[in-house]
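A short write-up of the structure that comes next.
Every read-out reported here was derived from the displayed coordinates using simple, explicitly stated rules and does not represent laboratory data. What you see is a predicted model; the values in this text were computed from it and never measured. Every residue, glycine as well, gets a Cβ built from its backbone with ideal geometry; the counts of neighbours run over all protein chains shown.
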Amino acid sequence: MELYHVELLSAALFAIGVYGVLARRNAVMILMSIELILNAVNINAVAYAAFLDPGRLVGQVITIFVITVAAAEVGLAMAIILRLYRIRATANVDEADSMKW
Amino acid sequence: MDAGLVTFSFLVVLVLGGAFGVVITRNVAHAALYLLMSLASVAGVFILLVAEFLALVQVLIYGGAITIVLLFALMLTRAEEFSNVRDNPQWAVAGVAAISIFGVLSSVIFSNKLDVQQPIGPGLEELGAELFTNWVVPFEIASVVLLVALIGAIILARASDGQGGE
């Protein structure tokens, strides 16, 4: 297993996540795609920490923070989606356009 | 091919298969389960990269918490109505954008191949020492962020029967 194998996996996961964010209209699906993107970043950070910077742990520590923020983000985003669903009876992000200019 | 590469290829198939399932399936509950499959396989990649603690955290937080929160929210909001939301008509443009991002990233990766040694990971003891000495302030800030997010989520989710936010 070489470093560029892991980098390619991370790039592919990132691209799939970007496709999901752009192509989906369901807010929950967009949230899941964002999780995929964050995981691509995590894989990259851990791979660089393991291959290039073995003595220090910056990559792993950054990954821990990314996971923490992702957990907070999912909690808040689900609360917002539930609220949107209760008010508008929809989870379609195209219909939540009251801030659109 | 050594055993590590075989295991890694297997995990790549699982990660990318789960990710494709997330962005392709119409059923939101299925998408959450595909997401669980993908994220659990990412934990396997972390083990191959000698980051055992992160693999554990990945299974606990992503597999245990985030997927369950998503499934619970779907359960509370009648998931079958979520499934009626069709994809954006610009999905072809999104596909082109995703493929070009992958193309750019992989060309950068192949043009900058680094000569590297085997993956080495310090143990959990070093990680804990690093986290609580050099990174202790960001760590505490992260805990405050989590607390604020929790309180905010509770307030957002129950505002309708409280002071009536509508």
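Worth a mention:
- Each of A:Met78, A:Met99 was scored by other Cβ atoms within 10 Å of its Cβ. Listed from fewest to most, they are A:Met99, A:Met78.
- Normalised by the number of residues in the stretch B:1-84, the mean separation of alpha-carbon contacts (under 8 Å, six or more apart) gives a relative contact order of 30 percent.
- Highest GNM mean-square fluctuation among B:Val28, B:Val13, B:Val137, for chain B modelled with Cα contacts below 10 Å: B:Val137.
- Listed residue (B:Val15, B:Leu146, B:Ser100) projecting farthest to the positive dipole end of chain B, Cβ model: B:Ser100
- Counting charges near A:Leu13 (Lys, Arg +1; Asp, Glu -1) among other residues having Cβ under 14 Å from its Cβ returns a value of -2.
- Counting neighbouring beta carbons within 10 Å and listing from fewest to most, the residues B:Glu140, B:Glu52, A:Glu35 come out as B:Glu140, B:Glu52, A:Glu35.
- Dipole moment magnitude, nearest 20 debye, the stretch A:3-90 about Cα centre, only Lys, Arg, Asp, Glu C-beta charged: 520
- For the options B:Ile154, B:Ile47, B:Ile24, a Gaussian network treatment of chain B with springs between C-alpha atoms closer than 10 Å singles out B:Ile154 as fluctuating the most.
- Think of it as helices only: each DSSP H run of n ≥ 4 in the protein assembly as shown is worth -39500 (n - 2.57), and spread over all residues that comes to -25000 deg cm²/dmol at 222 nm.
- With semi-axes defined as the square roots of five times the eigenvalues of the C-alpha gyration tensor, the equivalent ellipsoid of the stretch A:3-90 measures 31, 16, 4 Å, largest first.
- Of the residues B:Leu70, A:Leu84, B:Asn112, the one whose Cα sits farthest towards the positive end of the charge dipole of the protein assembly as shown is A:Leu84 (charges of +1 on Lys and Arg Cβ, -1 on Asp and Glu Cβ, taken about the Cα centre).
- Length-normalised contact order for the stretch A:3-90 - Cα pairs under 8 Å, 6+ apart - percent: 27
- Size of the stretch B:1-84 from its Cα atoms: along the principal axes, largest to smallest, the extents are 47, 25, 11 Å.
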